[in-house]
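A short worksheet on the structure shown next.
The values are calculated or read from the model by the stated rules, or taken from the named source; none is laboratory data. Everything numeric in this text was worked out from a predicted model, so none of it was measured. Note: ideal-geometry Cβ built from the backbone for every residue, glycine included; neighbour counts use all protein chains shown. The protein model used for the area step is the full one, side chains on, heavy atoms only, and it has no ligands, DNA or RNA in it. Shrake-Rupley method; radii C 1.70, N 1.55, O 1.52, S 1.80 Å.
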Amino acid sequence: MITVNSTNHSNEKVTPRKLGTFHGGVHPPFHKDDSNKPVINFAGIPKRLVLPLRQQLGSDAEPCVSVGDSVYKGQLIAHLNHHEGALSANIHAPTSGIIAAITKHALPHPSGLQAQCIIIEPDGKDESSSEHSFKPITDYATFSQNDLLERIQQAGIVGLGGAAFPTAVKLAGSKNAKIKTLIINGAECEPYITCDDRLMREKSAEIILGIKIVLRLINAEECLIGIEDNKPEAIEAMRLASANEFDIEVVSIPTIYPSGGEKQLIKILTRKEVPSGGLPSELGLLSQNVATAYSIYQAVMEGQPLISRIITVTGNGILHPQNFEVLIGTSFAHLAEQAGGTNKMADHLIMGGPMMGFALEDDNIPIIKATNCALFTSSTALRESNPAFSSQAIMPCIRCGKCMDVCPANLLPQQLYWHIRAKDLEKAKEHNLKDCIDCGCCNYVCPSHIPLVDYYRFAKVELREQKIAQEKADISRQRHEFLLYRKERDKRERDEKRAAHKAQLQAKKAAIAKKKADTGENADSDKSDISNSDTTKADAIKAAVARAKEKKIARETQADESLGKKSPRIKPTKNTGTNDEI
Amino acid sequence: MKFKTNTSPFFSSENNVRSVMLQVLIALIPGTLVVAYFYGWGILINVALSVFFALALETLALILRKRPILPFLGDFSAFITGWLLALTLPPLIPWWVIFVGVFFAIIVAKHLYGGLGYNPFNPAMVGFAVLIISFPLEMTQWIQANHINTINTLQTTPPFGFIDSLKSVLGIAASTPDWDAITMATPLDAVKTGLRAGMPYSDIINQSPYLAKTTSNTWLWSGLVFTLGGLWLLYKKVIHWQIPSALILALIMISSLFHLFSNETYASPLLHVFSGATILAAFFIATDPVSASTTPLGKIIYGAGIGLLIYIIRTWGNYPDAVAFAVLIMNMAVPTIDYYTQPRTFGYGTANDKKPSSRRENNP
Ligand code: SF4
Ligand code: SF4
């Protein structure tokens with residue numbers, strides 16, 4: 001395996017990197033040429049911007065504007081929620097305008113979910129104010145890591161590859177993890193999508209700067225940029241832009257879906273497998289999408305928060321497929337209009353690609369930070385390669401194993417399917433259902449057209465719910481057990497207290513008795529001998545010390561008990577024992 | 001604007017059951033023609049009748065089970081079952097024997113178990129096993145291939161002409177052929193009988209130039225052409241390489257072992273590989289996806305198991321050929337094999353650190 005030597009990079013670039021491969025994968029029609037020719041245009045300011053308070057897993061951001069307020073471009077309108085963990089991100093006004101409403105609106109979500117959104121009516125002036133914007137940091141090297149990290153957090157940057165995980169959280173988590181290699185994902189393996197391709201062609205220098213910022217932030221030694229070889233122009237542009245960066249290497253990787261899956265790309269570039277359930281940081285790796293690197297550049301060096309992104313608008317239902325720079329909150333309908341409008345064939349609207357995206361019922365839905373593609377297409381185009389599909393029913397599984405041959409997770413999709421069908425979720429779990437990445441390869445090749453991924457999604461949700469229920473049951477059982485334990489403990493403590501008390505009393509009694517005895521002795525000696533005042537004095541001192549000791553012990557015991565400690569119970573008893581001897 | 005919704009992936013490839021099965025049919029044709037070249041019209045009549053029965057019974061079963069008929073009939077799976085069964089039957093076998101075989105294959109082995117995709121046993125082999133047990137005589141009447149060399153001579157020499165063959169199969173021939181005169185034990189049968197009688201292997205082969213000739217001509221040629229068909233399926237990715245390779249290799253290894261150990265009491269590997277239904281089994285029967293193992297390692301075990309069982313049953317069992325029983329026995333082992341041969345899932349053990357896979361821990 002090639003290990004990159006940090007001091008000898010010039011040689012490294014000459015010898016081709018030995019790439020890894022992952023099992024399976026498919027070559028669907030990629031349709032990249034449909035949309036990758038025109039340059040990125042600005043999609044314009046729509047009449048209305050709808051900004052969901054939550055655009056990723058996690059919690060809502062909190063609005064910090066009210067209805068009727070006018071806002072400037074780039075002004076913070078909802079700040080990340082500190083209370084419920086930092087899994088939320090700042091939201092800024094994409095352009096200047098009036099807050100028209102803060103209300104429920106349909107989100108781009110597979111189930112047509114509605115949630116709180118801030119709705120802005122743009123005034124068309126696109127005004128910004130210095131008061132409400134970030135200062136560009138031209139010399140990022142003079143800024144501390146924490147300052148840079150804070151800027152990224154303030155700018156509301158999330159992973160733009162799809163999951164929209166807050167970038168600052170990811171970077172902060174990796175700061176301590178000794179990251180050696182930064183992986184930049186420019187694979188863009190989903191069919192139809194070309195936004196990263198166009199971005200790399202047009203903004204390569206900016207992306208490289210963004211990468212350098214991240215490299216500084218996480219103290220990584222090197223950066224590998226993985227780009228599928230069906231994007232030669234992007235590879236060329238990125239190579240040019242990084243020609244003088246000895247620690248950044250652009251790697252051309254074979255075109256195969258899903259090479260852009262995080263773990264798959266890591267396997268290709270580093271030949272390492274991220275352990276199941278583990279994170280790349282365990283291997284000293286961190287991955288970021290090219291678009292995220294670009295938005296980091298914008299946030300740091302241009303002072304622009306994440307208020308727009310590049311989106312591919314494509315499909316045979318669109319007149320002029322192309323890529324746009326789109327303000328977050330723009331509706332899909334507006335996008336379609338900008339691309340020349342839809343034609344009669346458009347009966348599907350898919351956010352994301354055809355392999356892993358999801359269908360939207362309505363185009364009056366805003367794009368969010370995670371939207372990378374709006375695919376307007378006819379159902380027949382999706383099944384183009386297979387005209388029989390619409391008429392052909394779903395057939396039983398013939399166990400042909402084609403699904404297994406293409407599964408990048410090296411699972412046995414057919415067995416998962418049988419077990420889930422038989423409602424035997426435990427078996428599915430045993431067959432590592434959780435390692436399924438929902439890539440859809442199995443589904444794609446299945447000659448029986450079984451909607452395999454639907455089964456996996458169902459089973460995963462089901463198992464998650466079972467787990468939650470199980471956890472709840474566990475918690476209440478633990479609570480019950482703790483209750484019993486506490487009762488038991490309280491009783492024991494009371495008993496011990498009582499015992500200690502008793503012992504103290506006895507000790508006292510013993511001391512008194514001893515004193516009496518001593519006085520008696522003294523009296524006797526008084527009679528017979530010259531009284532030995534020294535002895536009496538010593539005895540008196542002894543008794544006084546003993547009393548003080550007793551008091552101290554009693555205090556300690558009380559303190560222990562009030563603290564609810566359970567172990568040092570023995571101490572007082574032992575001491576009382578000593579007292580007894582006195 | 002409103003759109004239709006659906007779930008991902010929205011794409012699907014051009015694969016469908018029909019095209020997969022169609023490839024199998026295409027691959028079967030050349031081998032079938034070679035067999036027919038040596039054995040005459042009877043083979044083709046067998047195939048036609050068997051396929052016809054298979055389709056008819058499939059339709060009937062689908063009607064009875066209230067299933068859509070066209071998609072299932074159009075998937076060619078019954079077609080293939082019928083065809084494969086026919087290839088294992090001797091020519092000129094009475095039509096009702098074919099019918100019984102197909103009935104057990106389609107109705108009992110397939111539809112009673114839930115139809116396409118659900119049958120644990122290979123339907124064609126179930127049909128064959130039932131026939132060899134019920135009609136041992138009819139099932140071993142292979143006409144002498146060396147009587148004939150071309151289809152042309154066939155047509156002129158009764159009862160090998162098309163009409164005569166058909167009449168014979170349908171049982172309406174004017175005179176029944178003199179079976180003793182025209183039939184002949186298959187090489188496997190002859191060798192087995194000879195070895196049982198204590199004859200040295202080389203004598204059995206040499207004494208009967210006819211046997212040597214049959215071995216080298218009929219079985220060898222058809223075996224080679226069926227191999228070509230199998231390679232086509234491999235090339236088309238319809239079957240995986242594991243089962244055929246493991247089956248043939250295991251058979252070669254065990255037969256060589258015994259043959260080297262005692263070459264006069266055990267038949268040669270060549271005979272084992274190129275006679276009976278070995279090649280057909282390796283590429284077309286054992287690879288039937290529904291009843292075979294599905295994991296890569298499982299397929300190797302499954303194929304090798306069949307290869308070994310073929311040898312064991314042929315050598316020490318009571319039936320002339322062993323393919324059907326070997327396949328059926330291994331069919332039974334499939335669930336267990338599959339369970340213990342799950343491939344290493346991405347992200348489990350080995351790849352980075354060469355540590356043993358952690359998957360066993362997940363499988364109590
Ligand atoms: S590809 Fe489809 S038919 Fe083939 S084994 Fe997988 S699920 Fe079954
Ligand atoms: S969706 Fe899951 S099971 Fe299917 S190919 Fe992808 S990872 Fe494998």
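Observations on the structure shown:
- Taken over the stretch B:267-290, the criterion of being within 14 Å of chain A (Cβ to nearest Cβ) and touching a helix residue (DSSP H, G or I) at 6+ places or on another chain (Cβ under 7 Å) is satisfied by B:286, B:287.
- Note on the stretch B:105-136: residues that are away from chain A (no Cβ under 14 Å) and assigned to a helix (DSSP H, G or I) amount to 18.
- Residue satisfying all of: in the stretch B:248-262; open to solvent by 60 Å² or more (accessible area, probe 1.4 Å) and closer than 24 Å to residue B:224 by Cβ; farthest from the chain's Cα centre (by Cα) among these: B:253
- In the stretch B:9-24, the condition of being away from ligand 2 (no atom under 16 Å from the Cβ), of a type in the set (A, V, I, L, M) and either touching a Cys at 6+ places or on another chain (Cβ under 6 Å) or free of Cβ contacts under 8 Å to residues at least 24 places away in the same chain (or both) is met by no residue.
- Test for residue B:235: is it more than 19 Å from the chain's Cα centre (by Cα) and modelled with pLDDT under 85: no
- Residue match in the stretch A:286-306 (condition: surrounded by fewer than 24 Cβ atoms within 10 Å (Cβ to Cβ), away from chain B (no Cβ under 12 Å) and either in a loop (DSSP other than H, G, I, E, B) or free of Cβ contacts under 8 Å to residues at least 12 places away in the same chain (or both)): yes
- Wholly within the stretch A:106-210, helices (runs of 4 or more DSSP H) carrying at least 1 residues that are free of Cβ contacts under 8 Å to residues at least 24 places away in the same chain and either open to solvent by less than 10 Å² (accessible area, probe 1.4 Å) or more than 30 Å from residue A:236 (Cβ to Cβ) (or both): A:145-154, A:167-175
- Summed over the stretch B:202-228, residues that are at pLDDT 80 or above and among the hydroxyl-bearing types (Ser, Thr, Tyr) total 2.
- Taking the listed residues B:70, B:60, the one that is away from ligand 2 (no atom under 16 Å from the Cβ), open to solvent by 60 Å² or more (accessible area, probe 1.4 Å) and modelled with pLDDT of 90 or more is B:60, with no other qualifying.
- Within the stretch A:397-417, the set of residues being open to solvent by 20 Å² or more (accessible area, probe 1.4 Å) and either more than 17 Å from residue B:299 (Cβ to Cβ) or more than 13 Å from ligand 1 (Cβ to nearest atom) (or both) comprises A:410 only.
- Residues being open to solvent by 10 Å² or more (accessible area, probe 1.4 Å) and farther than 24 Å from residue B:34 by Cβ - total across the stretch B:95-108: 7
- Among the residues of the stretch B:25-57, none is identified as free of Cβ contacts under 8 Å to residues at least 24 places away in the same chain and open to solvent by less than 40 Å² (accessible area, probe 1.4 Å).
- Filtered by the rule that a residue be more than 7 Å from chain B (Cβ to nearest Cβ) and modelled with pLDDT under 90, the stretch A:382-417 gives A:384, A:387, A:390, A:391, A:394.
- Any hit, the stretch B:255-266, residues being of a type outside the set (Ser, Thr, Tyr) and either within 14 Å of chain A (Cβ to nearest Cβ) or closer than 23 Å to residue B:80 by Cα (or both): no
- Conditions (1) within 25 Å of residue B:74 (Cα to Cα); (2) of a type in the set (Lys, Arg); (3) more than 10 Å from ligand 1 (Cβ to nearest atom); number of the one not met by residue A:460: (1)
- Sole exception among (1) modelled with pLDDT of 90 or more; (2) assigned to a strand (DSSP E or B) for residue A:95, by number: (2)
- Elements of type helices (runs of 4 or more DSSP H) contained in the stretch B:1-104, each with 2 or more residues being away from every other protein chain (no Cβ under 14 Å) and closer than 30 Å to residue B:137 by Cα: B:17-39, B:41-64, B:77-87, B:95-103
- Selection within the stretch B:25-73 - in contact with a strand residue (DSSP E or B) (Cβ under 8 Å, 6 or more places away or on another chain) and of a type outside the set (Gly, Ala, Ser): B:39
- Hits in the stretch A:435-455 - residues which are closer than 21 Å to residue A:273 by Cβ and more than 6 Å from ligand 2 (Cβ to nearest atom): A:435
- Identity of the residue in the stretch A:319-359, more than 8 Å from every other protein chain (Cβ to nearest Cβ) and aromatic (Phe, Trp, Tyr), that ends up nearest to residue A:52 (Cα to Cα): A:332
- Count of the stretch A:328-351 residues which are open to solvent by 10 Å² or more (accessible area, probe 1.4 Å) and within 21 Å of residue A:369 (Cβ to Cβ): 5
- When the criteria are applied in full, residue A:453 fails the requirement of being open to solvent by 10 Å² or more (accessible area, probe 1.4 Å) and either within 14 Å of ligand 1 (Cβ to nearest atom) or assigned by TED's automatic domain parsing to the domain that holds residue A:355 (or both).
- The stretch A:442-453, residues that are in a helix (DSSP H, G or I) and more than 7 Å from chain B (Cβ to nearest Cβ): A:442, A:452
- Of the residues making up the stretch A:418-441, those that are in a helix (DSSP H, G or I), within 9 Å of chain B (Cβ to nearest Cβ) and more than 11 Å from ligand 1 (Cβ to nearest atom) are A:429, A:430, A:435.
- Test for residue A:37: is it in contact with a His (Cβ under 9 Å, 6 or more places away or on another chain), closer than 24 Å to residue A:195 by Cβ and open to solvent by 40 Å² or more (accessible area, probe 1.4 Å): no
- Number of positions in the stretch B:113-130 that are at pLDDT below 90 and either touching a Gly at 6+ places or on another chain (Cβ under 9 Å) or of a type in the set (A, V, I, L, M, F, W, C) (or both): 1
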